[in-house]
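Novice: After the structure tokens below, expect a handful of questions from me.
The values are calculated or read from the model by the stated rules, or taken from the named source; none is laboratory data. As the structure is a computational prediction, the values presented were derived from the model and not from experiment. Here the Cβ positions follow ideal geometry from the backbone for every residue, glycine too, while neighbour counts run over all protein chains shown.
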């Protein structure tokens, strides 16, 4: 039988392309994910643990006590070449040409060259006090002189100057963007207030391994409350904190990889069904000449094994390539997860090979069993003409319902209790149930869609409708593969749209203004408003007046006056923000008892002999609010206390620049004024969701592509099985074009039904998911991005149509004589 | 032992000008060079309108190939085929397909109905492919004549072999084709159903003037025809007018079958 197996493989290699492709894509996906994860980890290790990676040993004081006295003792060890105490402090520094001072974290440059870890973008490292190397974030250039202000614990300020000698490249360090860094020699660090070191970095004498040094140091420090680790260990420990998030991402990616593998499994099973159906006669002939059922099965499984191994190997290579491409792409950009080069762990390769081969074998099991049921006589008689009636298993139905119903109940409960931890397992359960039940549910829907199509599409559409439901099991398997991909994709699209609109609406309500400029002592300078209006990126501003007003209790109270029309034009949402009407005062809840008013009560405000009768509205926190006109009728000289700014909807980088410009203008006009706002927060949420959506949709797109290969396969099978029938149709007057149309309709029916069902299911899952995740956070704004959802249906259907092209070409070549020749 | 009438191969037989279908110098060769097989080695033949003709010959004589070429199902290597005034051998695939569905009817050995369509849909299929509405009166007449009224809503697998073949005949007759080609129409039927099917073909010729060309190797079936054309080794080997089962058998024996 082995000779037959290899002869089969040689002869029919081309037939295996579809399943090979499915395995390659799925395995590539799995391996790519694992490799990217490992790459992220090692990149982060390099970046975050940069100061440890090439350090032999790191000593850390566990109780925060000084390690200064230990430096000499350790340095005298034979295996130790040099010791560098890590000194840390922080200063305010102003860079020439920039308004205001910035916060700089100060670290040390070791004396020993081996312990200098900083990578320079330009310039050199400092080697004497008065020199400093800064990170790129500090936005200083080599040669700049920084004015450094150090405030000690008693509040005394000392000012000194330092010349920038170099700019340090912190590469992928995820914390690099937060604050600027400065690196100075230890003496300078001490004069800037660095405390005694709690960390020592140690270089080994040439020839001594790190473990040996670690042991020596640990022995010397026995009894002290310190932690002694090798540099590698220390780096890992530090990186773990940073990559926590990246590991979550890997888990998410692996979930999608699992989806891809499952879909690939369905496709492979279909492919083998196609291959074996094409060979029914061949297999029957083998049985005729004496092959046992077991030998036939072994030959089929052997074929699956070889296919699985070969395509998994290709898949592993493809995955590594994919990871390399992603890494190369990301390296140049400002990614939150740093990547540089790639590292390929052995387990990723092995996992890829195992997953691909096993899935192929498992997927081939059912077709192999079917193959053994081929009767020897099948070699001698034409294929049965009666439509196949497969009975959907009762077991499948029961298991499907057992999964679906509790799953749905769990989801409902999860939404009601606003708990994603309850809804998620419910979603998984119910989806598994849906996949099992699809076998029963999909064919009737396809049949119904077929009847509809038959009305418009003429004879080819009617025939296609009949054909599409002839083998319900196969149609269901094909549609299910696509259904899974489309469901998950649309769940993501709808879910993230809802998340976005909920989050944005929440932010808008909570922080209706993009930017608030506020003075902490006295009114803002007049004319600031006009200055800010001219800043590039500012759309308009609204002034909020402020003045002291006496309430019914006679106490002066800082009161705001809002120009309702102007404020309305600046605010993004008035949902949570209550504005006063003329003749109304907004009284914060805490103040109402003191003023002795309830909601709707009347009260009189006074100031310097002027009186104003108003209605109270008790709402919110903060200070009392009047309309600007009312406040000025009471206090004609009221100054501007706040300026509300609305920015243009530019990209986040541009908005950050706008905020920088606003800060500069405000700092110049009024050093005591503050600039706050959520504009950047809003953008960050948008950006994160966009990236997430893009990545996830891309990944699920792979599942959809694999599923479409399945659609092509199923049609190829139809073409093979219905050769005689297609010949008959051609003989009876079906043109080639109509025959291609027939196959196209079949593809559109299967793919279209899967896409529509998938979008409906996915939409529901997306909304349920978003509701259960977000409802603890406030009101949910359900959003369905109709355009994208419609695009999913159209794309899946059109892709199904494309998948029919090759089988249809083949069918169109069927000679009419085939009908008679049998 | 004597064959009543025999024509010399190569000479235009039958009334050439009024023929419903005719072929001239028809050759069909598979392969090339040394291994070439000549399924048809130069056939000139004509079939008069309103006549029931049987094509007979031993296995491998080329009778099926001849029918495929005459019906535009297969392309000839050389020679011409006319359906009335149309030369099939010059048509492109699409025109040929359109011609098939409007002017030619088929009855096959293995019935060849579409399993997804019921009897009525199968009968109307060629008309619908052509985008035509069947003439109701004619449809009723055909269905009545073939005794299918009770079976119209059944799928092929719910019908007996004889019934399936009657559906196939109805399908062939419905568009009122210039000619109906029948390929071993009784090959898969018991003798009783077979006789019924042949009687129906016979009566459609007699009553409506339908031209029928039938390929068969069964002398009894051939006896239903007005004329039998004999084929051997891809060449015309003679013909019989008003054949009987015995005369056909004798003629075949002479061919060495």
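Novice: Might you check whether a residue that is surrounded by 14 or more Cβ atoms within 10 Å (Cβ to Cβ), at pLDDT 85 or above and in a strand (DSSP E or B) occurs anywhere in segment A:561-573?
Specialist: Yes; the residues of segment A:561-573 include at least one that is surrounded by 14 or more Cβ atoms within 10 Å (Cβ to Cβ), at pLDDT 85 or above and in a strand (DSSP E or B).
Novice: Does residue A:212 satisfy the criteria of being at pLDDT below 80 and in a helix (DSSP H, G or I)?
Specialist: Spelling it out, it is not the case that residue A:212 is at pLDDT below 80 and in a helix (DSSP H, G or I).
Novice: Answer yes or no: is there a residue in segment A:711-732 that is surrounded by fewer than 24 Cβ atoms within 10 Å (Cβ to Cβ), assigned to a loop (DSSP other than H, G, I, E, B) and at the interface with chain B (Cβ under 7 Å from one of its Cβ atoms).
Specialist: no
Novice: Just checking, how many residues over segment B:106-138 are within 18 Å of the chain's Cα centre (by Cα) and at the interface with chain A (Cβ under 9 Å from one of its Cβ atoms)?
Specialist: Residues flagged as within 18 Å of the chain's Cα centre (by Cα) and at the interface with chain A (Cβ under 9 Å from one of its Cβ atoms) within segment B:106-138 amount to 8.
Novice: Residues of segment B:169-181 being farther than 16 Å from residue B:125 by Cα and within 11 Å of chain A (Cβ to nearest Cβ), which ones?
Specialist: B:181 - this is the single residue of segment B:169-181 that is farther than 16 Å from residue B:125 by Cα and within 11 Å of chain A (Cβ to nearest Cβ).
Novice: Scan A:532, A:524 and give me the residue that is in a loop (DSSP other than H, G, I, E, B) and either surrounded by 13 or more Cβ atoms within 10 Å (Cβ to Cβ) or assigned by TED's automatic domain parsing to the domain that holds residue A:634 (or both).
Specialist: Only one candidate passes the filter, namely A:524.
Novice: Listed residues A:556, A:547; which is buried (at least 18 other Cβ atoms within 10 Å of the Cβ) and modelled with pLDDT of 80 or more?
Specialist: Matching residue, one of A:556, A:547: A:547.
Novice: While we're here: Given B:66, B:73, which one is surrounded by 15 or more Cβ atoms within 10 Å (Cβ to Cβ) and modelled with pLDDT under 85?
Specialist: B:73
Novice: Assess whether residue A:776 counts as being part of a helix (DSSP H, G or I), modelled with pLDDT under 85, away from chain B (no Cβ under 14 Å) and surrounded by fewer than 21 Cβ atoms within 10 Å (Cβ to Cβ).
Specialist: Yes, satisfied.
Novice: Can you pull out the residues in segment B:81-105 that are part of a helix (DSSP H, G or I) and more than 8 Å from chain A (Cβ to nearest Cβ)?
Specialist: Within segment B:81-105, B:88, B:89, B:90, B:95, B:96, B:99, B:103 meet the criteria.
Novice: Quick one: residue A:421 ticks every box in (1) surrounded by 18 or more Cβ atoms within 10 Å (Cβ to Cβ); (2) over 15 Å from residue A:753 (Cα atoms) except a single one, so which number is it?
Specialist: (1)
Novice: In segment A:454-492, what count of residues is obtained for those that are crowded, with 22+ Cβ neighbours inside 10 Å, more than 24 Å from residue A:812 (Cβ to Cβ) and within 14 Å of another protein chain (Cβ to nearest Cβ)?
Specialist: Number satisfying all stated conditions: 1.
One line per residue, one yes/no per condition, for (1) modelled with pLDDT of 75 or more; (2) exposed (fewer than 15 other Cβ atoms within 10 Å of the Cβ):
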{"residue": "A:357", "(1), (2)": "yes, no"}
{"residue": "A:365", "(1), (2)": "yes, no"}
{"residue": "A:368", "(1), (2)": "yes, no"}
{"residue": "A:371", "(1), (2)": "no, no"}
{"residue": "A:374", "(1), (2)": "no, no"}
{"residue": "A:385", "(1), (2)": "no, no"}
{"residue": "A:388", "(1), (2)": "no, yes"}
{"residue": "A:392", "(1), (2)": "no, no"}
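Novice: Pick from B:159, B:148: which is surrounded by 19 or more Cβ atoms within 10 Å (Cβ to Cβ) and more than 12 Å from chain A (Cβ to nearest Cβ)?
Specialist: When all the criteria are applied, what remains is B:148.
Novice: Which one of B:230, B:189, B:255 is modelled with pLDDT of 90 or more and surrounded by 16 or more Cβ atoms within 10 Å (Cβ to Cβ)?
Specialist: Among B:230, B:189, B:255, only B:230 is modelled with pLDDT of 90 or more and surrounded by 16 or more Cβ atoms within 10 Å (Cβ to Cβ).
Novice: Okay, next question. Got at least one residue in segment A:436-453 being within 14 Å of chain B (Cβ to nearest Cβ), modelled with pLDDT of 80 or more and surrounded by fewer than 15 Cβ atoms within 10 Å (Cβ to Cβ)?
Specialist: Yes.
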